[in-house]
Amino acid sequence: MQKKHSGKTTEIILRFLAEPTDINLFGKVHGGAVMKWIDQAGYVCATGWCGLPCVTVYVGGIRFHKPILIGNLVEVRARLVYTGKTSMHMRVEVRAADPKKKHFTRTTQCTIVFVAIDDRGRPVDVPKWEPCTPEEKRLEQAAIRFMESGKQADEEMVSAF
Ligand SMILES: CC(C)(COP(=O)(O)OP(=O)(O)OC[C@H]1O[C@@H](n2cnc3c(N)ncnc32)[C@H](O)[C@@H]1OP(=O)(O)O)[C@@H](O)C(=O)NCCC(=O)NCCS
């Protein structure tokens, strides 16, 4: 499912079943599988917005709230929350449900940033996304604060390590 703004994608929802190949040592879905789904949903949303090839430049704030079980119906929702010059910031939420009951529970959340690139892998400008609703404006401000605090924390960690 896709939500659009001026003909461009601003939100994408992927739905599928967690398969036995996604299993970890404890019989649940392993974190790497969840991160791959987040990357895929973020990619579809980012490239759908800018219409260009994109690469992941940053993933942060990932929180695994609850495990996902094999056979669960999984829903991965990526939503554009901020655009910079060449970057597109998405908030991603993963939810899961027993397909017999369809009661979805939030399992994972994070922020993922993609950069649009040209055919030589260099960053290129993306169309500006303008938040319209109060909720979109709040999300944009939160994304800006998250990016600024994340960059500062990264710099401190790099200089300390
Ligand atoms: C993504 C890439 C092309 C960016 O090139 P670069 O020369 O580092 O470009 P810049 O420093 O100008 O950064 C580009 C954008 O990324 C953003 N960015 C960089 N680090 C960031 C971070 N930690 N958090 C959020 N945004 C970040 C910059 O703010 C900039 O956004 P803006 O133009 O909207 O302001 C390059 O780093 C790259 O190829 N990385 C590897 C990508 C990859 O292999 N991903 C995994 C597989 S898809």
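What dipole magnitude, in Debye to the nearest 20, does the stretch 20-161 give about its Cα centre under +1 on Lys/Arg Cβ and -1 on Asp/Glu Cβ?
Details: 20 positive and 16 negative charges, 123 e Å.
I would put it at about 580 debye.
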**Asked** Rounded if a/c is under 1.5, else prolate if a/b is larger than b/c, else oblate: which is the stretch 41-114, with a ≥ b ≥ c the root eigenvalues of its Cα gyration tensor?
**Response** prolate
**Request:** Determine, at each q value in 0.12, 0.13, 0.15 (inverse angstroms), the log₁₀ of I(q)/I(0) that the Debye formula gives when each Cα of the chain is one equal point scatterer.
**Result:** -0.56, -0.66, -0.85
**Prompt:** Any idea how far apart Phe64 and Lys8 come out in nm if each label point goes 7 Å out from Cα toward Cβ?
**Reply:** 3.5 nm
**Prompt:** Say each of Ala153 and Ile117 gets a label point 7 Å from the Cα, pointing the same way as Cα to Cβ; how far apart are those two points in nm?
**Reply:** 2.6 nm
**Request:** Please go through the stretch 128-161 and write out the trypsin sites (Lys or Arg not before Pro) that DSSP classes as loop and that have at most 13 other C-beta atoms within 10 Å.
**Result:** Lys128
**Asked** If you line up the long axis of helix 31-50 against the longest principal axis of the chain, both from Cα atoms, how many degrees apart are they, to the nearest 10?
**Response** 40 degrees
**Complete:** Sparse-neighbourhood loop hits (chymotrypsin sites (Phe, Trp or Tyr not before Pro), the stretch 15-90; DSSP loop; Cβ within 10 Å at most 15 others) -> Phe26
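Laboratory data are not the source of any read-out in this text; all were calculated from the coordinates shown. Computed from a prediction, not measured in an experiment: that's the story for all the values here. Virtual Cβ from ideal backbone geometry, glycine too; neighbours counted across all protein chains shown.
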